[in-house]
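Comments concern the structure below.
Throughout, read-outs are computed from the coordinates displayed, never taken from laboratory work. What you see is a predicted model; the values in this text were computed from it and never measured. FYI the Cβ positions are ideal-geometry reconstructions off the backbone, even for glycines, and counts take in every protein chain you see.
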Amino acid sequence: AQKNLTKAERHFKKAISLGLNMKHDLAMAKLSLAGIVMQKRRKREATTLINEAKKLDKQNMLADQIKLMQQQLKKI
């Protein structure tokens, strides 16, 4: 994901579309994809993905990462 954002974005979208067994895995994939689209300056899409990840994160395992990404999104 750090070298080729377009390729990473394609792989994350494929993983999400194929479906992941655990909700927290799906939340992590959506959060990672949000980070990629945020770097590409697609704020609306990143916001949607972060909100979806937040809904999937029932045990608040990703709460800190979600909060950090929301703060970074405000800077765009």
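Descriptive notes on the structure:
- Test: residue in the stretch 46-62 that is under 21 Å from K3 (Cα atoms) and under 12 Å from the mean Cα position of the chain (by Cα): yes
- Summed over the stretch 16-47, residues that are free of Cβ contacts under 8 Å to residues at least 24 places away in the same chain, within 16 Å of L62 (Cβ to Cβ) and part of a helix (DSSP H, G or I) total 3.
- The number of residues in the stretch 56-76 being in contact (Cβ under 8 Å) with a residue 24 or more places away in the chain and assigned to a helix (DSSP H, G or I) comes to 6.
- Candidate set from the stretch 1-36 (those that are farther than 20 Å from Q71 by Cβ and charged (D, E, K, R)); member that is surrounded by the most Cβ atoms within 10 Å (Cβ to Cβ): E9
- Residue match in the stretch 58-65 (condition: surrounded by 15 or more Cβ atoms within 10 Å (Cβ to Cβ) and of a type outside the set (G, A, S)): yes
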